[in-house]
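Below is one structure, written out as structure tokens; comments come after it.
The values are calculated or read from the model by the stated rules, or taken from the named source; none is laboratory data. The model shown is predicted, which means the values in this text are computed figures rather than measured ones. A quick note on method: Cβ atoms are made from the backbone with ideal geometry, for glycine too, and the neighbour counts reach across all protein chains shown.
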Amino acid sequence: HQIMQWSTTSDNPAARVYDLFKACNHLLEQTKAPPKLGKKSSKSTLNETRETVKSQKTQKSQKEKGKAPTKVSNLVKDRAGPFKTLPCVWDLKLCLRVLELLYNENVPWCSLEHRNYLRSRRDFHQWALRCVTSSVGA
């Protein structure tokens, strides 16, 4: 939306577009599935609740009183699956506008300063090309 509304009178549109890109990437990084943990050696001093042998003795007395601690394995079962991103919603107009911004020498709707701001961002370049490729190839 920000790219399609971009004009020469816009107030710092390049920084806003780049900030949106960074926020989107940050969100996707935070929602990735955590790596699965391998089996630990049997000599470990920690039990399933990640407590030491000394605290395991107090757990036995708590179990007798009905205050058993929650196991980590039970907590992991309640977690949701990994976040799946939505399919690309770029249309050909947006693809053309982004490619024009990144590669055209004369962009009438953008100032030279704003154009160079986004052109200098390698991560934005790679993301834009991936999105264009996925929308054209789909």
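Return the residues of segment 105-138 that are in a loop (DSSP other than H, G, I, E, B) and exposed (fewer than 12 other Cβ atoms within 10 Å of the Cβ); say none if nothing qualifies.
Within segment 105-138, E105, N106, P108, S120, A138 qualify.
Among the residues of segment 1-43 satisfying the criterion of being touching a Lys or Arg at 6+ places or on another chain (Cβ under 7 Å) and in a loop (DSSP other than H, G, I, E, B), which is modelled with the highest pLDDT?
Among them, the one singled out is I3.
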